[in-house]
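Student: One structure, pasted below without further comment.
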Ligand SMILES: [Zn+2]
């Protein structure tokens, strides 16, 4: 098994106002990072900002700032959002940093020297928002298929990368790998179809200057896409840094709209330079609002703060990964978020925890009871369900099927509630002859809480930490490792628990 895990988000276009779509990608990558730390792997998690290109230069000009001043003024808002959302990134790269610029130049110089880059005249239909050329048949009513805005006819002399030369390698070797280098595997066909028609791709622009100069011809700047993609390795000190040797190749999380760049152009560029392609590109679907893709132009962009204020950071992190099958499109609605929050977090996990901790306080003086001698069939049945759920959780998260991992957690919560109704320890506690039964039942219920705190920790880190503190376990939650922490029986009898505050306070619609 691999002992290291490197995961990245796309670097976000600095001009964008952060919305819940960006947060969705970043939280998903964060859950993957936290899960792999929980598995005991050495993890590196990168996010950052994409700061070059014509669109940034234009926005800076409109705001009367230099491009550098402009991006410097925006980046803090991105960093603050990730900090607020408990994102555990180890590094944050900005493409205007020197460490990125010099290594990008080094990379493209290498491909120029090896004959994979040439100069040619190019005319095409260009969307300024995408910073991308389109073929006429890709447009919708003559407009950009992503932004719905008119494209511009752009004619210039550009440097080109011999992307078409790598078509056979992509199709016959890279995409043929097992497991497939694209998630969900259902998107692999779309990628292969695109690759069949592969053309050489332009890698420079000479009509504006806000970018990284082509080292052998500084009248040109490197096209923002083939420059930004390199952040995943420049942040690891490509080509010879220790981090690069340790962590590359990694896993790139992206939205499905940029899958083409990540699963076609990116691996081909790397292969041409003698670098391993990514192990996996994980593409998630779009968050739809009222059936449409969220965007600031359509005013459907929702800032995460609007939801965090009501549902808390953990409620926010939980909802999107729970409600949407990861990889598919999903519809966001306030009503659905409210319903799930109250049913699964407030009434589900939150109530279970406060009920069990209150029972231990009232019947066992606040100490985890000793189950020995009191266990019967209901405990054995409950334990068996919980153990299967832990296995299902692990399997799901290894496959990035976050929603299935949360299904497994939900199974434990439901089963625990049924088990308590069935065994009714609050009734048995009135009869002193049932002492051992009550002890065994409450031990099992408390053990379920311990498992839930561990399994939920990648998704709801702050609430998990509070639950862990309530359970009084001396070893920190951060020190827990699967599979050991997922084995039944980890709670030590006699451990002092405390009720603590509500994990997920109910929200009134
Ligand atoms: Zn566009």
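The values are calculated or read from the model by the stated rules, or taken from the named source; none is laboratory data. These numbers were taken from a predicted model, which means no experiment stands behind them. Every residue, glycine as well, gets a Cβ built from its backbone with ideal geometry; the counts of neighbours run over all protein chains shown.
Student: Scan (1) free of Cβ contacts under 8 Å to residues at least 60 places away in the same chain; (2) surrounded by 15 or more Cβ atoms within 10 Å (Cβ to Cβ); (3) more than 16 Å from the ligand (Cβ to nearest atom); (4) closer than 19 Å to residue 263 by Cα for the single condition residue 156 breaks and write down its number.
Tutor: Condition (4) is where residue 156 drops out.
Student: I'd like the residue in the stretch 245-260 that is buried (at least 20 other Cβ atoms within 10 Å of the Cβ) and in contact with a strand residue (DSSP E or B) (Cβ under 6 Å, 6 or more places away or on another chain) and, out of all such residues, is farthest from residue 181 (Cα to Cα).
Tutor: Going through the qualifying residues, I end up with 247.
Student: Of the residues that make up the stretch 98-114, is at least one away from the ligand (no atom under 16 Å from the Cβ), crowded, with 16+ Cβ neighbours inside 10 Å and part of a strand (DSSP E or B)?
Tutor: No: zero hits.
Student: Next question. Residue 494: in contact with a strand residue (DSSP E or B) (Cβ under 7 Å, 6 or more places away or on another chain), over 25 Å from residue 319 (Cα atoms), part of a loop (DSSP other than H, G, I, E, B) and in contact (Cβ under 8 Å) with a residue 40 or more places away in the chain, yes or no?
Tutor: Values: in contact with a strand residue (DSSP E or B) (Cβ under 7 Å, 6 or more places away or on another chain): yes; over 25 Å from residue 319 (Cα atoms): yes; part of a loop (DSSP other than H, G, I, E, B): yes; in contact (Cβ under 8 Å) with a residue 40 or more places away in the chain: yes.
When the stated conditions are applied, residue 494 passes them.
Student: Oh, and also: Looking only at the stretch 131-143, count how many residues are within 11 Å of the ligand (Cβ to nearest atom) and either touching a helix residue (DSSP H, G or I) at 6+ places or on another chain (Cβ under 9 Å) or in a strand (DSSP E or B) (or both).
Tutor: Adding up the residues that qualify gives 6.
Student: May I ask you to verify whether residue 165 is over 30 Å from residue 75 (Cα atoms) and within 16 Å of the ligand (Cβ to nearest atom)? Break it down stepwise before answering.
Tutor: Working: over 30 Å from residue 75 (Cα atoms): yes; within 16 Å of the ligand (Cβ to nearest atom): no.
When the stated conditions are applied, residue 165 does not pass them.
Student: Can I ask one more? Among (1) within 19 Å of residue 284 (Cα to Cα); (2) surrounded by 23 or more Cβ atoms within 10 Å (Cβ to Cβ), where does residue 53 come up short?
Tutor: (1)
Student: Is one or more of the residues making up the stretch 185-192 outside any strand (DSSP E or B), under 23 Å from residue 110 (Cβ atoms) and under 28 Å from the mean Cα position of the chain (by Cα)?
Tutor: No - not one qualifying residue is present in the stretch 185-192.
Student: Right, here's the next one. Tell me, please, whether a residue that is in contact with a strand residue (DSSP E or B) (Cβ under 7 Å, 6 or more places away or on another chain) and either closer than 22 Å to residue 484 by Cα or crowded, with 16+ Cβ neighbours inside 10 Å (or both) can be found in the stretch 413-421. Please lay out each step first, then the result.
Tutor: To start, the set of residues in the stretch 413-421 that are in contact with a strand residue (DSSP E or B) (Cβ under 7 Å, 6 or more places away or on another chain) comprises none.
Among the residues of the stretch 413-421, not one is in contact with a strand residue (DSSP E or B) (Cβ under 7 Å, 6 or more places away or on another chain) and either closer than 22 Å to residue 484 by Cα or crowded, with 16+ Cβ neighbours inside 10 Å (or both), which makes the answer no.
Student: Let me ask something else about it. Among the residues of the stretch 144-179, count how many are assigned to a helix (DSSP H, G or I) and either in contact with a helix residue (DSSP H, G or I) (Cβ under 7 Å, 6 or more places away or on another chain) or under 21 Å from residue 204 (Cβ atoms) (or both).
Tutor: We begin by selecting, within the stretch 144-179, every residue assigned to a helix (DSSP H, G or I); these are 163-174.
Now restrict to residues that are either in contact with a helix residue (DSSP H, G or I) (Cβ under 7 Å, 6 or more places away or on another chain) or under 21 Å from residue 204 (Cβ atoms) (or both): 163-167, 169-171, 174.
Qualifying residue count, the stretch 144-179: 9.
Student: Could you please find all residues in the stretch 161-179 being modelled with pLDDT of 95 or more and either surrounded by fewer than 19 Cβ atoms within 10 Å (Cβ to Cβ) or over 18 Å from residue 260 (Cβ atoms) (or both)? Spell out the reasoning first.
Tutor: Taking the stretch 161-179 first, the residues modelled with pLDDT of 95 or more are 161-177.
If the condition is that a residue be modelled with pLDDT of 95 or more and either surrounded by fewer than 19 Cβ atoms within 10 Å (Cβ to Cβ) or over 18 Å from residue 260 (Cβ atoms) (or both), then 162, 164, 165, 167, 168, 169, 171, 172, 173, 176, 177 are the ones that fit.
Student: Let me ask another. Kindly provide the set of residues from the stretch 364-377 that are farther than 24 Å from residue 483 by Cβ, touching a helix residue (DSSP H, G or I) at 6+ places or on another chain (Cβ under 6 Å) and either crowded, with 17+ Cβ neighbours inside 10 Å or free of Cβ contacts under 8 Å to residues at least 60 places away in the same chain (or both), ordered by number.
Tutor: 369, 374, listed by residue number.
Student: Moving to a separate point now. Any residue that is in contact (Cβ under 8 Å) with a residue 40 or more places away in the chain and not in a helix (DSSP H, G or I) - is there at least one of those in the stretch 430-450?
Tutor: no
Student: Tell me, which residue of the stretch 115-130 that is assigned to a strand (DSSP E or B) and away from the ligand (no atom under 16 Å from the Cβ) is surrounded by the fewest Cβ atoms within 10 Å (Cβ to Cβ)? Step through it out loud before you land on a result.
Tutor: Quick first cut of the stretch 115-130, residues assigned to a strand (DSSP E or B) only: 117-127.
Then drop every residue that is not away from the ligand (no atom under 16 Å from the Cβ), which leaves 117-123.
Working: 117: 21, 118: 12, 119: 12, 120: 10, 121: 8, 122: 18, 123: 11.
Selected residue: 121.
Results for (1) more than 31 Å from the chain's Cα centre (by Cα); (2) closer than 22 Å to residue 227 by Cα, shown as yes or no for each residue.
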| residue | (1), (2) |
| --- | --- |
| 121 | yes, yes |
| 139 | no, no |
| 142 | yes, no |
| 145 | no, no |
| 150 | yes, no |
| 157 | yes, yes |
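Student: Right, another one. Could you list, in sequence order, the residues of the stretch 491-506 that are in contact with a helix residue (DSSP H, G or I) (Cβ under 6 Å, 6 or more places away or on another chain) and at pLDDT 95 or above?
Tutor: Passing the criteria: 491, 497, 498, 503, 504, 506.
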